[in-house]
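The values are calculated or read from the model by the stated rules, or taken from the named source; none is laboratory data. What you see is a predicted model; the values in this text were computed from it and never measured. Heads up, the Cβs are rebuilt from the backbone with ideal geometry, glycines too, and the neighbour counts pull from every protein chain shown. Only protein heavy atoms, including side chains, enter the accessible area calculation; ligands, DNA and RNA are left aside. Shrake-Rupley method; radii C 1.70, N 1.55, O 1.52, S 1.80 Å.
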Amino acid sequence: MMEDEQIRVYDHNRKSIGIATRNEVHSVGYWHEVFQCWFVGRENGIDYLYFQLRSDVKKDYPGLFDITAAGHLSADESVEDGVREIEEELGIKIEYKELIPLSIIQASIKRENMIDNEIANVFLYKNDKPFDAFNLQKEEVAGLVRADLNDVYDLWIGKREAVNVQGFKITNNGEKVEMNETVHKDHFVPHEDSYYKTVFKEIKQQLSL
């Protein structure tokens with residue numbers, strides 16, 4: 001079971017202190033490594049950031065928009081191995097060498113029954129694939145949308161209250177339907193504001209090079 005997955009855990013200085021189950025990691029609040037990859041694509045001079053829509057059956061944050069592809073690194077995996085998450089969740093194969101490293105961020109989400117202390121290895125992928133190229137993992141991902149990167153950044157720094165997202169979602173009976181909605185911050189997984197601001201700023205800087 002996923003809750004029994006063995007994960008390497010760390011102290012505040014990112015020094016390995018052992019191995020724990022995924023359930024223990026989240027109940028105790030151990031620091032652990034995750035792989036995160038943000039997709040960005042340019043069209044008509046506009047940079048679009050891609051978000052996955054988490055499945056309604058997910059234990060954590062069902063039905064919210066999240067990082068394009070992400071996941072925990074098992075105890076025997078390297079950061080490079082994390083690229084498997086892209087193929088598993090989105091159905092497209094990408095090589096690690098195609099990714100642009102952004103930064104390693106220590107981020108924390110605390111809820112009543114969970115402490116999620118993540119050492120996030122964050123990457124960027126410049127996407128030129130159409131929505132039709134994606135084959136989503138239905139147990140994990142219910143849809144894929146994109147939004148104007150500048151608008152999303154402005155949402156997190158308080159310059160706007162909502163953004164438009166466009167893409168598709170898969171209904172419970174497997175039907176693919178278009179999405180075109182106006183959403184607010186509470187429609188996204190509640191990563192720390194500092195996380196979103198840092199990552200979006202880094203992506204903007206990377207695209208300006």
*asked:* Against the conditions (1) surrounded by 15 or more Cβ atoms within 10 Å (Cβ to Cβ); (2) assigned to a loop (DSSP other than H, G, I, E, B); (3) in contact with a helix residue (DSSP H, G or I) (Cβ under 6 Å, 6 or more places away or on another chain), where does residue 93 fall short? Just the number, please.
replied: (1)
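Would you pick out the residues in the stretch 149-164 that are touching a strand residue (DSSP E or B) at 6+ places or on another chain (Cβ under 6 Å) and open to solvent by 40 Å² or more (accessible area, probe 1.4 Å)?
Let us first name the residues in the stretch 149-164 that are touching a strand residue (DSSP E or B) at 6+ places or on another chain (Cβ under 6 Å), namely 149, 151-152, 155, 162-164.
Correct list: 151, 164.
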*Scan (1) hydrophobic (A, V, I, L, M, F, W, C); (2) open to solvent by less than 70 Å² (accessible area, probe 1.4 Å); (3) assigned to a loop (DSSP other than H, G, I, E, B) for the single condition residue 168 breaks and write down its number.*
(3)
*Tally of residues being crowded, with 17+ Cβ neighbours inside 10 Å and farther than 14 Å from residue 198 by Cβ across the stretch 101-110*: 1
*Residue check, residue 45 against (1) among the small types (Gly, Ala, Ser); (2) within 18 Å of the chain's Cα centre (by Cα); (3) within 23 Å of residue 201 (Cβ to Cβ), all met but one. Which one?*
(2)
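Yes or no: the stretch 60-81 includes at least one residue that is part of a helix (DSSP H, G or I), more than 12 Å from the chain's Cα centre (by Cα) and surrounded by fewer than 19 Cβ atoms within 10 Å (Cβ to Cβ). So that I can check it myself, show each step before the final result.
Here is the first cut: in the stretch 60-81, the residues part of a helix (DSSP H, G or I) are 80-81.
Add one more test, that the residue is more than 12 Å from the chain's Cα centre (by Cα), and what stays is 80-81.
Narrowing further to those that are surrounded by fewer than 19 Cβ atoms within 10 Å (Cβ to Cβ): 80-81.
Yes, there is a match, as at least one residue in the stretch 60-81 is part of a helix (DSSP H, G or I), more than 12 Å from the chain's Cα centre (by Cα) and surrounded by fewer than 19 Cβ atoms within 10 Å (Cβ to Cβ).
Across the stretch 171-186, what is the number of residues that are at pLDDT below 95 and either at negative phi or part of a helix (DSSP H, G or I) (or both)? Step through it out loud before you land on a result.
Step one: of the stretch 171-186, the residues at pLDDT below 95 are 171-176.
Subsequent filtering for residues that are either at negative phi or part of a helix (DSSP H, G or I) (or both) retains 171-173, 175-176.
Qualifying residue count for the region: 5.
Please work out which residue is modelled with the lowest pLDDT, limiting yourself to the stretch 117-126 and to residues that are touching a Lys or Arg at 6+ places or on another chain (Cβ under 9 Å) and open to solvent by 10 Å² or more (accessible area, probe 1.4 Å). Walk me through how you get there before you give the answer.
Filtering the stretch 117-126 down to residues touching a Lys or Arg at 6+ places or on another chain (Cβ under 9 Å) leaves 117, 119, 126.
This time we only want the ones that are open to solvent by 10 Å² or more (accessible area, probe 1.4 Å), so: 117, 126.
Working: 117: 94, 126: 97.
That would be 117.
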*asked:* Could you check the stretch 43-59 and list, in sequence order, the residues that are open to solvent by less than 20 Å² (accessible area, probe 1.4 Å) and farther than 14 Å from residue 142 by Cα?
replied: 49
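When you look at residue 152, is it in contact with a helix residue (DSSP H, G or I) (Cβ under 8 Å, 6 or more places away or on another chain), modelled with pLDDT of 95 or more and under 13 Å from residue 53 (Cα atoms), yes or no? Spell out how you get there, then give the answer.
Working: in contact with a helix residue (DSSP H, G or I) (Cβ under 8 Å, 6 or more places away or on another chain): yes; modelled with pLDDT of 95 or more: yes; under 13 Å from residue 53 (Cα atoms): no.
Here the answer is no, as residue 152 does not meet what is asked.
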*For the stretch 1-34, what are the residues that are part of a helix (DSSP H, G or I), open to solvent by less than 40 Å² (accessible area, probe 1.4 Å) and of a type in the set (A, V, I, L, M, F, W, C)?*
25
*Residues that are under 20 Å from residue 44 (Cα atoms) and of a type in the set (A, V, I, L, M), drawn from the stretch 145-178*: 145, 147, 149, 152, 163, 165
*asked:* Could you tell me how many of the residues in the stretch 127-148 are among the aromatic types (Phe, Trp, Tyr) and open to solvent by 30 Å² or more (accessible area, probe 1.4 Å)?
replied: 1
*Any idea which residue in the stretch 48-59 is nearest to the chain's Cα centre (by Cα), counting only those that are among the charged types (D, E, K, R) and assigned to a loop (DSSP other than H, G, I, E, B)?*
58
